[in-house]
Amino acid sequence: MSRDLLLIGIGELATNSPRAPDLVGVVHDAAVAIRDGRVAWAGPAADLPAEFRGPDPFDVQGRAVVPGFVDAHTHLVFAGDRADEFARRLRGEGYEQILAAGGGIHSTVAATRAASFDELVASGSARAIRLLRQGTTTVEIKSGYGLDPETEVRMLEAARAVGERTPIDVVPTYLGAHVVPRGTGREEYLGLAAGEMLAACAPLARYCDVFCDRGAFTVEEARRVLSAGRERGLRPRIHAEQLAHTGGALLAAELEAASADHLDHATAEDAAALRQAGVVAVLLPAASFSMRLPPAPGRMLWDAGVTVALATDCNPGTSYVESMPFVIALACLEMGLTPEEALWAATRGGALALDEADKGWVGEGAVADLAVLEAPSYRHLPYRPGGDLVWAVVKDGAVVAG
Ligand SMILES: [Zn+2]
């Protein structure tokens, strides 16, 4: 697989260059030269240095090119599906009601525990390929449907295998504290999630996450698990303020977490604390959309100076969404972000949320991950929700889809 490539005929290139006068650093009539999987040069085609010219360029014929999407929050490895529950919720049953009856996440836990490593890798890889075809080149994947040491380890190993067997880059996160499994005492489970199970999972993960919310874990419990994770080298990230306002965002700031995710009920005080602590707000508009709930205050968070990322939250219960272009559309139409802000958040914002500084932009030294759009401008992403807008995908300098 060649990792050298020259793209020409780019009608509109979004570079996300911090030196550009506009947020996404648009260059028209552009070219991108790639050497050994990294961008060696990007700019107006007329300025392309002779050393990067070659006999066999990839001519994208006037299409727009954007950085590959970085999906910084998913639960991509799981077994089974919850289409029945989805239909029940549309008939009026509440999620918390379904959960109390042993459905919801508990049914995914049962299916995932029953699935083999190979089954988890096969279904996870199929999903990862669908993400890739829609322009995603890096994806974060959480555990959290095992809730016992053996299955949590199997989930993280499966997530890593998805990254090895598909072109997509995978960032694994330990989410042992997703929910207290049925039949286990709360204190007993917290001891496991912050102790033996964490110890088994830490070598396989980069981050430790906790579902801190009403009906899930309290701020005190989340602090305990995240602190234990940090002692084992896992940077914290946290599900915060999704179903109710319980203080998870301020905890993220206190722990200088990589991200606080969801934030549907975040306040101006939360925003100020996240900005001050440099915590990325990972917003998941497909989750609120799929649950028919109001979206997170994305406009407020952006205007408060918080670094914003967008992600799918792809999971079998509350957001079975695999498309970052669709998330970009929701961020604009439901949360009031501009097309520029939404594109930046889905690329550079996601990369910052995952501490991947050399992704999410197109310039010398960046990882050569690109999406070529079947459109003349990135503005078509929010303008045409649900459209089939990704024409080709470049990962590490190789054309992998399209
Ligand atoms: Zn989640």
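The values are calculated or read from the model by the stated rules, or taken from the named source; none is laboratory data. The structure presented is a predicted model; accordingly, all values stated were derived computationally and were not measured. When we count neighbours, we look across all protein chains shown, and the Cβ atoms used for this are built from the backbone with ideal geometry, even at glycine. Remember, those area values only see protein heavy atoms, side chains included, never the ligands or the DNA or RNA. Shrake-Rupley method; radii C 1.70, N 1.55, O 1.52, S 1.80 Å.
The alpha-carbon atoms of the chain, seen along their principal axes, cover 67, 44, 44 angstrom, with the largest extent given first.
Once the Cβ-Cβ distance of Ala110 and Arg3 is raised to the sixth power relative to R0 = 45 Å, the FRET efficiency obtained is 0.60.
For region 361-378, the Karplus equation 6.51 cos²θ - 1.76 cosθ + 1.60, evaluated at θ = phi - 60°, returns couplings of 8, 10, x, 4, x, 6, 4, 7, 10, 9, 10, 9, 8, 7, 6, x, 8, 4 Hz by residue, with Gly and Pro reported as x. With contacts taken as Cα pairs under 8 Å and at least 6 residues apart, region 227-297 reaches a relative contact order of 27 percent.
Modelled this way, with points 7 Å down the Cα-to-C-beta line, the labels at Ala398 and Ala101 are 4.8 nm from one another. From the alpha carbon centroid of region 322-359 to that of region 19-81 is 16 Å.
Take the eigenvalues of the Cα gyration tensor for region 313-381, scale each by 5, and report the square roots as semi-axes in whole Å, largest first.
Details: eigenvalues 88, 53, 29 Å².
Computed over region 313-381, the values are 21, 16, 12 Å.
Pull out a ≥ b ≥ c, the square roots of the eigenvalues of the alpha-carbon gyration tensor of region 222-288, then state rounded if a/c is under 1.5, prolate if not and a/b is larger than b/c, and oblate in the remaining case. Prolate is the answer for region 222-288, as a/c is 1.5 or above and a/b outweighs b/c.
Considering helices alone, the calculated mean residue ellipticity of the chain at 222 nm is -9500 deg cm²/dmol, with DSSP H runs of length four and up weighted by -39500 (n - 2.57) and normalised per residue. Thr15 sits with roughly 10 Å² accessible to a 1.4 Å probe, with DNA, RNA and ligands left out of the calculation.
Surface composition of region 15-141: carbon and sulfur make up 52 percent of the accessible area, probe 1.4 Å. For the chain, the longest principal axis of the C-alpha atoms and the axis of helix 219-231 are separated by about 60°. When each of the peptides 81-90, 149-158 is scored by how many other beta carbons lie within 10 Å of its residues on average, the order from highest to lowest is 149-158, 81-90. Rg over Rh for region 50-110 works out to 1.39, using Cα positions for both radii and the Kirkwood form for Rh.
Ignoring ligands, DNA and RNA, what accessible area per residue does the chain give at 1.4 Å, in Å²? Write down the numbers at each step before the final one.
On the way: 14870 Å² over 402 residues.
Averaged over the residues of the chain, the accessible area is 37 Å².
Using C-alpha pairs below 8 Å separated by at least 6 residues, the relative contact order for the chain is 20 percent.
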